[in-house]
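To start, I am sharing the structure in question, which I have written as structure tokens.
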Amino acid sequence: MIGPFTAGLVIQWFPGFTGYRTIFFISLLLFAVAVWLSFRFKKRSSPGIFRISSVWQRRHVDDDWRRILFAHFFQGLREGVFVFVIVIWVYMSTGSELALGTYGWSRLVFLLYFIF
């Protein structure tokens, strides 16, 4: 919850694209640390064989499984479009990345999310 607000502050503090570069560098650094830490996890064995292709092929056999996959896909598409449009509207109306970061803290976001 503090990430968007902090990013908005950093972008506002630095002139030009310096704030954006700072935020993207910090994001890249955190991602690299997460990848490095994930390789240090202890491996655990599990029974059976995991094949993602068998999940994809299962949709041809089981109609319920196909419907669930399509439902998840379209739910994710709806949520992604909704969040993107709200972010664009807030930025266009305020013209400020800081306002965009503070908007994420608003309770209105949670209310609108459940309404739509």
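Using θ = phi - 60° and the Karplus form 6.51 cos²θ - 1.76 cosθ + 1.60, what ³J(HN,Hα) does each residue of region 26-31 get, whole Hz, x for Gly and Pro?
Taking θ as phi minus 60°, the curve returns 4, 4, 5, 4, 5, 5 Hz for region 26-31.
Reported to two decimal places, what Rg/Rh ratio describes the chain when computed on Cα atoms with Rh from the Kirkwood expression? Before the final figure, lay out each step's value.
On the way: Rg = 20.3 Å, Rh = 18.2 Å.
With Rg and the Kirkwood Rh in hand, the quotient comes to 1.11.
May I ask you to compute the full-extension gain from residue 33 to residue 94, defined as 0.36 nm times their residue separation minus their alpha-carbon distance, rounded to one decimal in nm?
On the way: separation 61, 0.36 × 61 = 21.96 nm, distance 3.42 nm.
This chain segment gains 18.5 nm when fully extended.
Kirkwood hydrodynamic radius, computed over distinct alpha-carbon pairs, for region 1-41: how many Å, to one decimal?
Details: mean 1/r = 0.0895 Å⁻¹.
Answer for region 1-41: a Kirkwood hydrodynamic radius of 11.2 Å.
Another one. Mind checking the full-extension length gain between residue 71 and residue 53? Use 0.36 nm per residue of separation minus the Cα-Cα distance, one decimal, nm. All intermediate terms of the calculation are to be shown ahead of the outcome.
Working: separation 18, 0.36 × 18 = 6.48 nm, distance 1.90 nm.
Once the chain is fully extended between residue 71 and residue 53, it gains 4.6 nm.
Treating the angle as unsigned and between 0 and 90°, give the value, to the nearest 10°, between the Cα long axis of helix 52-61 and the longest Cα principal axis of the chain.
The angle comes out at about 70 degrees.
Given the options 85, 61, 33, which has the most mean-square fluctuation in a GNM of the chain, springs set between C-alpha atoms less than 10 angstrom apart?
Maximum fluctuation in the GNM of the chain, among the listed residues, is at 61.
Just so you know, all these numbers are worked out from the coordinates, no wet-lab data involved. What you are looking at is a predicted structure, and each value in this text was computed from that prediction instead of being measured.
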